[in-house]
Structure formats: C-alpha cells, structure tokens
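Every number in this text was worked out from the coordinates using simple rules, so none of it is lab data. Bear in mind the structure is a predicted one, so any value in this text is a computation, not a measurement. So basically every Cβ, Gly included, is an ideal-geometry build from the backbone, and we count neighbours across all protein chains shown.
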Amino acid sequence: MTEPDELPGGDRLQKVLAAVGFGSRRTCEELIEAGRVTVDGEVALLGRRVDPDVAEVMVDGVPVSVRPGLVYYLLNKPRDVVVTASDPQGRPTALDLVPREPRVFSVGRLDADTEGLIIFTNDGDLAHRLAHPSFGVEKEYLVELDGIPTPGQVRQLRSGVVLEDGLTAPARASMVEPRALRLTIHEGRNRQVRRMCAAVGHHVVRLVRVRIGPVSDHSLAPGEWRPLTAEEVRGLEESVAEVRVRRQPSKRANR
C-alpha cells in the first residue's frame, strides 16, 4: 500500500513552503524533518507531495496560505475614499487605488472620513480570520481630538466605555500630543474609536489607522499601496493564531 507521503502528483512540500516565504528549500526541508509541518492534520514527512489548492498546511500549528495566485496589498487610504466596490454618490473607492486583477476585497472596513492602513487580498481564509471579531487582531489608531482629554478620560478608554451596543473591551491609550492620542483596540465595532471618544466627552477631528496586527508602514503615502512581504503575511497568520490560543479556555477553568 502506498504511504500518503509517497503518493504521486502535486508539488513537493518544501517547494510549496519556499514559494510562500519560509526560506530556501533546504530551510523548509529542515522544518519538515523537525516535525513542525502538518498536512491535513498529519505530521508531514520529507518528500511529501501536496496539492496547494486543497491541502491544509500548518507550520508550528499556524495555518499557512499556500494556494497559488494569492495576493496581499497594503493601502494607505486617504480621507473621503470609500471602501466599497462602487459608490452611488460617485465618490472614489479604495478599489480604484489597488490593482484590479486578480480581483481582491478589503479586510474589514474604514469609514470614508477615516484614513490609514487597510489590507486587500483574494485570500478569503486569512481575510476572515483577520476581520472576524472572535480573533481580536489589534488595530492601532492616531486620534486627533477637539479638546484635551483628562487623565481620567484616558483611563476610562483603557478600562472600557459603555456604548449603546455594550461595554468595550479594555484598550491601550496614551497621549502623544495635548490633543492627540494613540489608541489600540482589538474589537471591530462600527465607528468604534469615534464612539469611544464621544463617550468620554470628545469629538474626533481626525482618525488614522497606523497598524494592523504586526503590519505598519510610516513611509506609505496616502493613496499609495504596496504588496505585503512574505514575512508580513506570515506575521498576520501568526498574530491570528496567537490571539486564538490566548483566548482558549483552560481545561482547569472548565472543571
């Protein structure tokens, strides 16, 4: 009987991993030999062939997107650009600023009056994990306010504020200028940052997203985009996995 690792067809696993940025084929062979790679839930052996279109590949327990043709773009969205496929008001869309082929979609949303980083991709699996609230990927914002918040108001943002849809999770908040703060959240509620600031008594004058998980780029000008590097894609995959592991209830807690 033919063992799974000896089945004909498909690409060598080390070639597939090298193609998505895990280093040279030799480096990828070492990952496999160390037992750190699984395919469809089984520890892979060196020489394993896989079909990248259907195989579920993990490295160190983290899902890896290996399907051919996947693209990942980082866009610095300008103000008054909408994140929709089309706009009945005729406003420019973020899709007008990134390549049209292959077809991509946004990971989450940014309001028209919010600026900053947003990811576009055709990788539906990773996009779902990044955007879904249950995975809680961090998003960091620079927030310009209409006044100077008190230390108590900043502490309130950190501990959580009551909105009409419930109490927000604790956030990280720090002042960077008298009227500007850096706010990091891991929820994805509609217009959450603006509503949090309003709840503590301040109107947001300008809002810029500067980081998504481990990805940031201070050199990317408004309206510019670039492909994510293989290391950045891997960092996003790892950040999603780390959040899920942290939120797994312990067996002791379930007793």
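Here are some notes:
- Computed E for Ser24/Glu56 - FRET, C-beta separation, R0 25 angstrom, nearest 0.05: 0.60
- Each Lys or Arg adds one and each Asp or Glu subtracts one; over the other residues with Cβ under 9 Å from the Cβ of Asn190, this totals +2.
- Relative protection proxy for 213-220, 28-35, from highest mean packing down: 28-35, 213-220 (other beta-carbon atoms within 10 angstrom).
- Pair Thr229, Glu42: separation of 7 Å Cα→Cβ label points (nm): 3.6 nm
- Once both labels are positioned 7 Å from their Cα atoms along Cα-to-Cβ, the gap between Ile148 and Ala169 label points is 3.3 nm.
- Overall form of the stretch 4-64 per C-alpha gyration tensor (a/c, 1.5; a/b vs b/c): rounded
- Mean Kyte hydropathy of -1.0 or more with a Cα span along the axis of at least 18 Å, helices from DSSP in the chain: 230-247
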